[in-house]
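Colleague: I'd like to ask some things about the structure below.
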Amino acid sequence: MSSSLGVAVIGAGMAGKAHAAAYRAATTVYSPVLPEIRLVSIADVYEPLAQETAARYGFSRADSDWRAIAAADDIDVVSVVVANSLHREIVEGLLTAGKHVLCEKPLSDTIEDARAMAEFAAAAQSRGLVARIGFSYLRSPGIAFLRQLIDDGRLGDLQHFSGRYWTDYGCRPDAPISWRYQGPAGSGALGDVGSHLSYLAEYLCGPVSEVSGGRFHTAITERPKPLGQVVGHTRGNVSEERSPVTNDDYATFNASFERCVGTLEVSRVAAGHPNDLVLEIFGSRGAARWSQTNPAQVEVMLHDELSDLVGYRTVPLGPAHPYYSGGWAMDAPGVGIGQNDLFVHQARAFLEEVAGIAEGQSLPRCRSFADGVHNMEFLAAVTESAAAGGSTVSVA
């Protein structure tokens, strides 16, 4: 094991800050088995933001070019949290320079680039380098508990699944145009939050085999151009000039999985739903549901309850559930958790793998680039279904 690991984050926007904060906290959860974690650099093309984020999270310096990260001898581990179209060049450059890489989802903006990245990562693995994709919701204790209820048979045979991820960051017509709103069909709400919902559906329901009923809708067809830098989902000052929105504000589809069928729905224009991820699974012996609105609890309904008590019961998450015990300073029921905590566990798992901690003594590994390719193939099938009027499309 190395005596220390130097960490950098490329991209200082909202998700980049989540990665930066997570690396800062990663040594504070679970047993102190990691080597020294050195917070070295935050890089962003908008240098003032890079400097602000570096200072905020205790990183030693800021850079304005990812190539400075690749060339730095004091950096070993890098998170890539930038526009999807930039992933391939940066990730391949970092791996060539001998860095371990954690890339945000989706893996890229095209399947061709994603497949090339997966091949590049596989070759880098032979040189001892770790390349992983961040599927952060797999670290949620509530979602992991849903999977546990399925695996131990308490819900019986699965009958169907319902999942939605509604957000409202794009519901205002005056939100400025950015890379999020420009791209091919399927790169909007589906690629952004649907990439989360799709891997969670497979996590609970088993591998997907086919999709159908794909439908996209763009509710706001043009947006104003910004007068300054667009960071994350911020609005800011805009000009009178407008640009077309070329991808989806809303998407819905049906899917067949190994264990059951399901319906999935995503939106970035669901006013009043800033970050509303809801998962509900139905089985022959009962049902269970989880919501990001109340992430520290799961609702469970079982048929073996007394007839006058039939209905959902609320289960507060605590040390009896996945990820909880030792995972936070206060790991008692009712303390609560949030989405930022999931990034901490994701960073911890990645650092444990890079440090060479045995898999059996570590948190579950982060997913591979091959998993990232599959996630994009899943979404591509939805796009194909929508283009063909909702027809059935097999998933590779």
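Colleague: Once you keep just the Cα pairs under 8 angstrom separated by 6 or more residues, what percentage relative contact order results for region 1-125?
Modeller: Details: 213 pairs, mean separation 30.1, N = 125.
Over region 1-125, the number comes to 24 percent.
Colleague: Also: Report which label in (i) 76, 51, 35; (ii) 65, 53, 38; (iii) 59, 49, 42 holds the value of Cα extents along the principal axes in Å derived from the coordinates of this structure.
Modeller: Computing Cα extents along the principal axes in Å and matching it to (i) 76, 51, 35; (ii) 65, 53, 38; (iii) 59, 49, 42 gives (ii).
Colleague: Right, another one. For Q148 paired with H303, estimate the spin-label separation in nm (one decimal), with each label point 7 Å from Cα along the Cα-to-Cβ line.
Modeller: 2.4 nm
Colleague: Sum -39500 (n - 2.57) across every DSSP H segment of at least 4 residues in the chain, then divide by the residue count to get the 222 nm mean residue ellipticity, nearest 500.
Modeller: Values: 10 runs with 117 residues, N = 396.
Helix contribution divided over all residues of the chain: -9000 deg cm²/dmol.
Colleague: Let me ask something additional. Straight-line reach from K17: which lysines have Cα under 19 Å away, leaving out those fewer than 8 places along the same chain?
Modeller: Partners within reach: K105.
Colleague: Among 160-170, 30-40, how do they line up by average Cβ neighbours within 10 Å per residue, starting with the highest?
Modeller: Result, highest mean first: 160-170, 30-40.
Colleague: Once Rh is set to the Kirkwood radius over Cα pairs, what Stokes-Einstein translational diffusion coefficient, in µm²/s, holds for region 4-137 at a temperature of 4 °C and a viscosity of 1.567 mPa s?
Modeller: For the chosen part, D equals 88 µm²/s.
Colleague: Now for a separate question. As a footprinting exposure proxy, order V310, V245, V266 by other Cβ within 10 Å, with the fewest listed first.
Modeller: So the ranking, lowest neighbour count to highest, is V310, V245, V266.
Colleague: What FRET efficiency comes out for the pair V33/Q159, r = Cβ-Cβ distance, R0 = 51 Å, nearest 0.05?
Modeller: About 0.75, to the nearest 0.05.
Colleague: I've got another one for you. Given Cα pairs under 8 Å that are at least 6 residues apart, what percent is the relative contact order of the chain?
Modeller: Details: 892 pairs, mean separation 81.6, N = 396.
For the chain, the relative contact order is 21 percent.
Colleague: How much net charge surrounds E305 when only the other residues with a Cβ under 15 Å from the Cβ of E305 are counted, with Lys and Arg +1 and Asp and Glu -1?
Modeller: 0
Colleague: How large are Rg and Dmax for region 175-303 when only the alpha carbon atoms are used, in Å?
Modeller: 17.5, 59
Colleague: Can you run phi through the Karplus equation (6.51, -1.76, 1.60; θ = phi - 60°) for region 290-303 and list ³J(HN,Hα) in whole Hz, with x for Gly and Pro?
Modeller: So the J values, rounded to whole Hz, are 9, 9, 5, 5, 10, x, 8, 8, 10, 9, 10, 10, 10, 6.
Colleague: Sorted from fewest to most neighbouring beta carbons within 10 Å, what does the list I143, I133 look like?
Modeller: Ascending Cβ contact count within 10 Å gives the list I143, I133.
Colleague: How big is the gap, in Å, between the Cα center of region 170-219 and the Cα center of region 1-29?
Modeller: What the calculation gives is 27 Å, centre to centre.
Colleague: With helices defined as uninterrupted DSSP H runs, which ones in the chain have an alpha carbon span along their own long axis of at least 20 Å and mean Kyte-Doolittle hydropathy of at least -0.5?
Modeller: Those that clear 20 Å and a mean of -0.5 are 111-125, 339-355, 369-387.
Colleague: Okay, next question. What is the extension gain from A55 to A358, computed as 0.36 nm multiplied by their sequence separation minus the C-alpha to C-alpha distance, in nm to one decimal?
Modeller: 105.7 nm
Here, each number is a calculation from the coordinates, and none is a lab measurement. A quick note: this is a predicted structure, and the numbers were derived from the prediction, not measured. Positions of Cβ are backbone-derived with ideal geometry, glycine not excepted, and every protein chain shown enters the neighbour counts.
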